[in-house]
1. What are the ³J(HN,Hα) values, in whole Hz, obtained from phi via the Karplus relation 6.51 cos²θ - 1.76 cosθ + 1.60 with θ = phi - 60°, for each residue of the stretch 87-95 in sequence order, with x given for Gly and Pro?
2. Can you show me the helix-derived [θ] at 222 nm for the chain, built from DSSP H runs with n ≥ 4 at -39,500 (n - 2.57) apiece and divided by the number of residues, rounded to the nearest 500.
3. Name the long-range amide H neighbours of G122: under 5 Å, sequence gap of 5 or more, or other chain; modelled H, no Pro or chain starts.
4. Suppose R0 equals 25 Å; then what is the FRET efficiency for R196 and R109 from their Cβ-Cβ distance, rounded to the nearest 0.05?
5. With the chain treated as a Gaussian network of Cα nodes joined by springs under 10 Å, which of A293, A220, A71 yields the largest mean-square fluctuation?
6. Taking a ≥ b ≥ c as the square roots of the eigenvalues of the Cα gyration tensor of the stretch 69-126, is the shape rounded (a/c under 1.5), prolate (a/b larger than b/c) or oblate?
7. Give me the distance in nm between label points sitting 7 Å out from Cα along the Cα-to-Cβ direction at A321 and T38, one decimal.
8. Given springs between every Cα pair under 10 Å in a Gaussian network model of the chain, which of S33, S150, S334 has the largest fluctuation?
Amino acid sequence: MANTRKKQPIDWWDGDDIPPGETRDVKLAVSESYSSATVRIPLRIQRAKEDGPVVFVTAALHGDEINGTGAVRQLIQDADFQLTRGAVILVPVLNLLAFDRHSRYLPDRRDLNRSFPGTETGSLASRMARKIFNEIVLRCDYGIDLHTASVRRTNYPNVRGDLGDPEVRRLAEAFGAEIIINGKGPRGAFRREACRAGCPTIIMEGGEVWKVEPGIVETAVRGIKNVLRSLDMLPGPEQSPEYQIVIEKSKWIRAERGGFLQFHVKPGDLIERDQPIATNTTLLGRERSILHAPFDAVVIGMTTLPAVSPGEPVCNLGKLAKRVTPAELRERRSEEQGLEVRVSEELATNVLVVEANQEQNDQQE
């Protein structure tokens, strides 16, 4: 469906003229600190000489999720990143107040990513959300928002979006991640409210908090460029993985008992139904229980903390469609031996993975 909403112009910003073919650094005032200082978000705005779509790329909406910050900074510092048409708004840190505190949340303990589109007279989070929404989202035709897993977890790179919107599906497929998770997102989420306002937006999830991981940054940069190429905003061919799968259902597998986990899978693994995921042991190594996969799945994310209590999340599994087999996908990925294999291996360095049968043999001896 054609987008008929009225969009704010991109050629000016707080009185600054940004003519075609120019790149400008802008600081957007979004709030004030306890000391009365104005809180300004730094942005890079690049306009091509030819008109075209306007795309925002944002990171650190949760202030401790800085893999995306690394990706946006890489684009900003890339002298070869030159648009052929349209414009991009690059935002390395969207939630500056939380970023300065190394925190997911704002000082008022609210989640900015549940506060959109915001109001002008509400809470701190709501007021910031309104300003961001008005000054960034309402100037853009498309959006990409970069995230990581939450604290003590890691995510294999995946793209999320409401695939019922053809334009969102177009962005999600173009990004070039192996895994696409279908969903609108929670109420008040940045990407959900941007889509409702007529700005199709996707998010990428990858890696951990408080880190800038090379493989995740490379995946994000590749994906952003792929989207821009799909919109004819950058020259060159799109780069895609060996396969893409759409996940309609995911499930967190939770610990049944307290103890210390021995993991048998790593982020990105493609696993069969009933395959062991983790063995729960006492601190002296005695087996207490084994968690198994309830269906054929891909490991979207997992905890990086092996000490668990009953009910704590251990592994986030994305259910594979019936026509897709884990063995087939594993073979296709291994044949390629590309970025996806390397990222999976890099993420696995944050967890100790033990073969299930090897562990059982060791216990029998």
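1. Working through the residues one at a time gives 8, 10, 10, 9, 10, x, 9, 7, 9 Hz.
2. Dividing the helical sum by the residues of the chain leaves -7000 deg cm²/dmol.
3. R127
4. Using R0 = 25 Å, I get an efficiency of 0.45.
5. The residue that fluctuates most here is A293.
6. It is oblate, given that a/c is not under 1.5 and a/b is not larger than b/c.
7. Distance between the two pseudo-spin positions: 5.1 nm.
8. S33
Every number in this text was worked out from the coordinates using simple rules, so none of it is lab data. Model, not experiment: these values are computed from the prediction. Reconstructed Cβ throughout: ideal geometry from the backbone, glycine too, with neighbour counts over all protein chains shown.
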